[in-house]
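A.B. asks: If you scroll down you'll find the structure; I have some questions about it.
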Amino acid sequence: MKNNKIKKKVEEVFNESHRTDLQTRLNTFIFYLKKSNIDELTEIMGQVNIDPIIDKTLEIDKETLKNYCINFSEIKGRLTESDFDKIRLICGPKGDVVVNKLKQLLDW
């Protein structure tokens, strides 16, 4: 049951129809990233088609994020190296590329 709730939230975070509330969705993702263990996250992300998410992440630039009024310092302050390790693991073979892109966007 818990996995279904988390899976639903993860799907909501990346749902295209809620583009205007990206900051809230990122905060939700960070919350679940910190709250869940890596096994749960890997299982949930295994049920979600992660390739379009990774592709969007790699395409995005800082200006686009600024247009969505993303608070970079807030996100940067909430993430740790351990969180990046989780992201790396749940993204599979492209994990290093995704983490490097995120760190670049956040001026890590």
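The values are calculated or read from the model by the stated rules, or taken from the named source; none is laboratory data. Computed from a prediction, not measured in an experiment: that's the story for all the values here. Calculation scope for accessible area: heavy atoms of the full protein, side chains included, ligands and nucleic acids excluded. Shrake-Rupley method; radii C 1.70, N 1.55, O 1.52, S 1.80 Å.
A.B. asks: For region 57-108, with all protein chains present and a 1.4 Å probe, just round the carbon and sulfur fraction of the accessible area to a whole percent.
C.D. replies: 53 percent
A.B. asks: Still on this structure, I have one more. Could you give me the percent of Cα pairs per 10 Å distance bin for region 23-66, shortest bin first, beginning at zero and ending with the bin that holds the maximum distance?
C.D. replies: Computed distribution, short to long bins: 23, 49, 26, 2.
A.B. asks: Checking the a/c ratio against 1.5 first, then a/b against b/c, what shape does the Cα gyration tensor give for region 13-108?
C.D. replies: Verdict is rounded for region 13-108.
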